[in-house]
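Report on the structure given below.
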Amino acid sequence: MSQFLPEAFLPYLPDTIQIIYLIATFFFIRGLKLLNSPATARKGNQFAALGMFIGIVVTLFDQQIISFEWIIAGILIGGLIGAVLAKKVAMTAMPELVAVFNGFGGGASALVAWGEFSRLVDPTTMTPDSLVTTGLGIFIGSLTFTGSFIAFGKLKGFISGNAITFPGLNVINIGSMIGVLVLIGFFTVDPTNQTIFWIILGLSLLIGITSVIPIGGADMPVVISLLNSYSGIAASMAGFVIGNNLLIISGALVGAAGLILTNIMCKAMNRSLTNVIFGAFGGDSGGGSGADTGDKSVRETTAEDLAIQVGYASKVVIVPGYGLAVAQAQHVLKEVAGKLEERGVQVKYGIHPVAGRMPGHMNVLLAEADVPYDQLLDMDQINPEFKTTDVVLVIGANDVVNPVAKTEPGSPIYGMPILNVDEAKRTIVFKRSLSPGYAGIDNPLFYAEKNQMFFGDAKKSLQALNEALNDV
Amino acid sequence: MSALIFSLFIFVLACFIGFELISKVPPTLHTPLMSGANAISGITIVGALIVAGHSGTDSQISQIIGFVAIVFATINVVGGFMVTDRMLEMFKKKEDEK
């Protein structure tokens, strides 16, 4: 679009574009800063979107760009698909959607590196460092692409959520990664060798698949965060290839964000990143270690009895898990909480960092049901409060309240920080059955003297409680 | 100083800014943060525009690659920002309720 500009301005165009890129960077950084508080977060996202818009528009004035058919078609198609996906998705399916977007982002970065390489008639004119970054861009972008779609498949249930693995898979994965890096070295020396190029591409795509496949369903929040980080780094690499600071900076910001979230998720599960990647732990059917539910007895409760317990309590804490969202029970829950508050009961929600399927997922699901965010307390805030809590309602959560994590050093979840619901005067667990959770470990909380079980579908149980509360 | 080294400085400094910016985000906002950051990583669309809009090559291959890259990146950008907005719209404080 540079032809629309006055001739005299053209010599200044490249610098002007760079200055405007700097402004776009400012919007990204400001936007991320505003995302630090729920009150300003929406504005922050709009700031970032504005930065993106500025970045795209100014790029169209780049004198290298002379044909627009492909660009217009691409933006229309991509924009339509993106908009439809964003409008249609259910909040419970947010992790899947983020995985998909992530995959497309990574794929785009790989394609940019590839396209830039292929548009040069003679690749030998490329400097060794731009060849290295091209290779790395293709590598990271491609593995983000396939890895994200495998993660999507696992979350969606197309691919088993169990850890699919076989002996030697880790060795193959590490070997392939080293192989790709060595090949990128060869590629730098001889960029005209097509075979090397294709092997790098193929192997990178394959690594994305084989490195996510063995990771168990319970670890998906970590994987999504990590892939998010990769997609940022891939964008940065694409920036190195085309020599664009806007891409380098934005990609680095995203890479850092993903890494921080990955770290938070690992800490919340007391696992190291290496253990998540190579450990092949946990699945969605929970076929894990000896659940001897045999001769232990549990106390059951009814809706009417429970209504009296919570109706006359002074403080109730609700601990929601993904099971709540699966049962679509958040709205009924909100009604129950509303009735309790009307009666003067103090109601709070305690959210474990890995509740849900991605970092902060449960908060979004409750926000959808209009639960105000200042009632949602994270683990460090809620744990000191359990001692003064009359009743804790554990709904659809299991492993995150399992005291085994504190008491049994032999347990796979030992050391994982949990919500100390057992410190409350009474706990009520809403559950379909006594089956173990994601990690496949039996939960002694169920058999504790202070605990009562309320068996059944979370939504139906809450509806019953909601009605029973009218008569208390 | 070569272009690569210069870029590397920028990359590393930007990583530090990223860590500083994001390490204090409360857990409540982790999902929107991730999807918002994800949308920002769609900035690679700028590279895709250059690859697709460039001509002067004998082959159309790079233009087609660029086209696919634009589609992918636009899905990422448009979808990412829109869905983040949709989520953040739902976050309300207690006082806002009527």
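The values are calculated or read from the model by the stated rules, or taken from the named source; none is laboratory data. Everything numeric here is computed off the predicted structure, so don't read it as measured data. Note that each Cβ is placed from the backbone with ideal geometry, even for glycine, and that neighbours are counted across all protein chains shown.
Worth a mention:
- Check on residue A:431, more than 26 Å from the chain's Cα centre (by Cα), assigned by TED's automatic domain parsing to the domain that holds residue A:332 and of a type outside the set (S, T, N, Q): no
- Residue within the stretch A:252-271 that is more than 20 Å from residue A:223 (Cα to Cα), within 8 Å of another protein chain (Cβ to nearest Cβ), part of a helix (DSSP H, G or I) and in contact (Cβ under 8 Å) with a residue 24 or more places away in the chain present: no
- Residues that are closer than 30 Å to residue A:259 by Cα and among the aromatic types (Phe, Trp, Tyr) within the stretch A:307-361 comprise A:322, A:349, listed in sequence order.
- Checking each residue of the stretch A:229-240 against the condition of being closer than 21 Å to residue A:94 by Cα, part of a helix (DSSP H, G or I), of a type in the set (Gly, Ala, Ser) and facing another protein chain (nearest Cβ under 7 Å) gives at least one match.
- Flag for residue A:139 being part of a helix (DSSP H, G or I), more than 8 Å from every other protein chain (Cβ to nearest Cβ), over 27 Å from the mean Cα position of the chain (by Cα) and touching a residue at least 60 places away in the same chain (Cβ under 8 Å): no
- Test: residue in the stretch A:82-102 that is in contact (Cβ under 8 Å) with a residue 40 or more places away in the chain, touching a helix residue (DSSP H, G or I) at 6+ places or on another chain (Cβ under 8 Å) and outside the structural domain of residue A:207 (by TED's automatic domain parsing): no
- Residue list for the stretch A:368-412, filter: farther than 23 Å from residue A:431 by Cα and not polar (S, T, N, Q): A:370, A:372, A:373, A:374, A:380, A:384, A:385, A:387, A:408, A:409, A:410
- Comparison of A:213, A:249 shows that the only residue that is out of contact with any Gly (no Cβ under 6 Å at 6 or more places or on another chain) and crowded, with 24+ Cβ neighbours inside 10 Å is A:249.
- The sole residue among A:420, A:451, A:443 that is buried (at least 22 other Cβ atoms within 10 Å of the Cβ), of a type outside the set (Lys, Arg) and under 25 Å from residue A:271 (Cβ atoms) is A:443.
- For residue A:208: the one exception among (1) in a helix (DSSP H, G or I); (2) crowded, with 22+ Cβ neighbours inside 10 Å; (3) more than 27 Å from the chain's Cα centre (by Cα): (3)
- Out of A:179, A:243, A:168, sole residue that is small (Gly, Ala, Ser) and either under 26 Å from the mean Cα position of the chain (by Cα) or modelled with pLDDT of 90 or more (or both): A:179
- Counting only residues that are of a type in the set (Val, Ile, Thr) and more than 7 Å from every other protein chain (Cβ to nearest Cβ), the stretch A:62-114 holds 4 of them.
- Within the stretch A:54-71, being assigned to a helix (DSSP H, G or I) and exposed (fewer than 14 other Cβ atoms within 10 Å of the Cβ) holds for A:57, A:69.
- Residue count for the stretch A:401-442, restricted to those that are over 21 Å from residue A:310 (Cβ atoms) and at pLDDT 85 or above: 9
- On the stretch given as the stretch A:24-42, residues that are surrounded by 15 or more Cβ atoms within 10 Å (Cβ to Cβ) and part of a helix (DSSP H, G or I) total 12.
- Taking the criterion of being surrounded by fewer than 20 Cβ atoms within 10 Å (Cβ to Cβ) and assigned to a strand (DSSP E or B), the only residue of the stretch A:454-472 that qualifies is A:455.
Residues checked against (1) touching a residue at least 60 places away in the same chain (Cβ under 8 Å); (2) within 18 Å of residue A:97 (Cα to Cα):
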residue	(1), (2)
A:368	yes, yes
A:372	no, no
A:379	yes, no
A:386	yes, no
A:389	yes, no
A:395	yes, no
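- Of all residues in the stretch A:109-160 being surrounded by fewer than 18 Cβ atoms within 10 Å (Cβ to Cβ) and among the polar types (S, T, N, Q), the one that is modelled with the lowest pLDDT: A:124
Here's the yes/no breakdown for (1) at the interface with chain A (Cβ under 7 Å from one of its Cβ atoms); (2) crowded, with 24+ Cβ neighbours inside 10 Å:
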site: B:5; (1), (2): no, no
site: B:24; (1), (2): yes, no
site: B:32; (1), (2): yes, yes
site: B:43; (1), (2): yes, yes
site: B:69; (1), (2): yes, yes
site: B:75; (1), (2): yes, yes
